[in-house]
Amino acid sequence: MHLITSLLRKIGVRMETEKLNRIGPTALDVLLSRRSCPARTMTDPGPSKSQLADILRAGARVPDHGKLSPWRFIVFEKDGRDRFASILVDIISQGGATQSQCDEWRARVTAAPVIIGVVSSAQEMIKIPVWEQEMSAGAVCQNILIASHALGFVANWLTEWYAYHPVVKQQLGLNPGERMAGFIYIGTPKEDVVERPRPDMDKIVAHF
């Protein structure tokens, strides 16, 4: 019985390993066709519950020196997204924004059906450099963009002023030392997304 159990375990491990690094027939097409879409031009539908779970799982599947997972997610949907918008509107209102400006910001933040906030939780004074931990958080954001695109949605990685505002950080429950790597807006485009100029590869690639 022990032998059978051992064999089944080895088979299971081998099958799980075979699932890794699979070459998707359109993986390169997804990477080469990804394009950001302005958050203010998004609308419903957004990812379903299962699609959102897949996007988050893809986000967490990044290079992570030391296996620290130096990042976490805050998901804004429906009422949560509206409360987030209200926090921002309250801040700019207290800063002298007009009603029209407040309405514009509220509409801008609530256009996309889903927002994923990526929090960088880099630790200092440990073996893994902070810079490497922060780059891992950046990789999380990029994976979320790619996964969203692969599922047929558009996405926009933003920071803007509110990623750095102390009141926003406090309201979102960030701990001392944590920072927002970005807010990723996900939805469906209201209009066709057009390509933008890309770098001249000859100018940015060198062979040593």
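The values are calculated or read from the model by the stated rules, or taken from the named source; none is laboratory data. Just so it is clear, the model here is predicted, and its values are computed rather than measured. Glycine also receives a Cβ, built like all others from the backbone with ideal geometry; neighbour counts cover every protein chain displayed. Surface accessibility is based on the protein's heavy atoms, side chains included, excluding ligands, DNA and RNA. Shrake-Rupley method; radii C 1.70, N 1.55, O 1.52, S 1.80 Å.
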Please determine, by comparing only the residues of the stretch 171-208 that are open to solvent by less than 30 Å² (accessible area, probe 1.4 Å) and of a type in the set (Gly, Ala, Ser), which one is farthest from MET135 (Cα to Cα). GLY187
When the stretch 76-102 is checked residue by residue, the ones that are out of contact with any His (no Cβ under 7 Å at 6 or more places or on another chain) and over 23 Å from ILE186 (Cβ atoms) are ASP90, ILE92, SER93, GLN94, GLY95, GLY96, ALA97, THR98, GLN99, SER100, GLN101, CYS102
Within the set of pairs 6+ apart or on separate chains, which have a first residue in the stretch 60-80 that is under 15 Å from CYS141 (Cβ atoms), a second that is assigned to a loop (DSSP other than H, G, I, E, B), and C-beta atoms under 7 Å apart? PRO70/SER121; PRO70/ALA122; PRO70/GLN123; TRP71/SER121; ARG72/SER121; ILE74/LEU172
If you go through VAL89, VAL118, the only one that is under 22 Å from ALA53 (Cα atoms) and at pLDDT 95 or above is VAL118
